[in-house]
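Q: Quick one: structure below, then a few questions.
What follows is calculated from the coordinates using simple rules that are stated; it is not laboratory data. Since we're looking at a predicted model, the values are computed, not measured. A quick note on method: Cβ atoms are made from the backbone with ideal geometry, for glycine too, and the neighbour counts reach across all protein chains shown.
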Amino acid sequence: MEIGMKAPSFTLMDKDGKAVSLGDFLGKRVVVYFYPKDNTPGCTRQACAFTAAYDKFKEKNVEVIGISKDSVASHAKFAEKHGLSFVLLSDPNLEAIKAYDVWQEKKMCGKTSMGVVRTTFIIDENGNIERIMPKVKPDTNAEEILAIL
């Protein structure tokens with residue numbers, strides 16, 4: 001993945017079971033962030049920070065999309081429990097996750113496994129990658145992006 005290249009397209013199901021495509025957002029900037037798992041401490045803090053800042057993103061005509069491999073049902077519960085206001089997409093087959101190269105080897109407690117590396121992409125109005133932010137911090141990611149925008 002490189003800045004300036006066309007962002008890989010995807011069509012995934014949202015928390016309500018509706019198909020959402022990246023192409024649906026041409027003409028606006030899109031923040032696409034990949035996260036490991038619903039309802040874990042870091043992922044919850046990151047999602048709540050995006051919700052808290054969501055009005056500021058909308059003022060800038062920017063859409064926010066969170067993607068993980070969790071199910072549609074898991075996303076629905078996660079969004080309801082925390083009052084999440086942005087788009088959550090389910091990628092159980094790792095289509096977008098692998099296309100964006102965020103399925104990587106991770107080491108935790110001395111064990112190695114494959115998983116989603118928390119990464120955020122800013123995609124411009126034409127569908128090109130404007131910025132790549134690897135290994136972002138859940139608590140500050142939303143505000144960092146607003147400062148960039």
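Q: According to a simple spin-label model (label point 7 Å from Cα along Cα-to-Cβ), what is the distance in nm between A19 and E59?
A: Distance between label points: 3.6 nm.
Q: By DSSP, what percent of the beta bridges with both residues in the chain are antiparallel, rounded to the nearest 5?
A: Rounded to the nearest five, the antiparallel share is 70 percent.
Q: Then there is this: How big, on average over all directions, is the shadow cast by the Cα convex hull of region 18-149, in nm²?
A: The number I arrive at for region 18-149 is 7.7 nm².
Q: Can you tell me the FRET efficiency between T11 and K98 if r is taken as the Cβ-Cβ distance and R0 is 22 Å, rounded to the nearest 0.05?
A: The calculated FRET efficiency here is 0.90.
Q: A further question follows. Quick one: length gained pulling C48 to K111 fully straight, 0.36 nm per residue minus the C-alpha distance?
A: Full extension of this stretch gives 19.8 nm more.
Q: Gain in length, A73 to T140, computed as 0.36 nm per residue apart minus the alpha-carbon separation, to one decimal in nm?
A: In short, 21.4 nm is gained.
Q: Can you show me the helix-derived [θ] at 222 nm for the chain, built from DSSP H runs with n ≥ 4 at -39,500 (n - 2.57) apiece and divided by the number of residues, rounded to the nearest 500.
A: That calculation yields -7500 deg cm²/dmol at 222 nm.
Q: Sort out for me the Cα centre separation of region 3-23 from region 73-108, rounded to whole Å.
A: The distance from the Cα centre of region 3-23 to that of region 73-108 comes to 12 Å.
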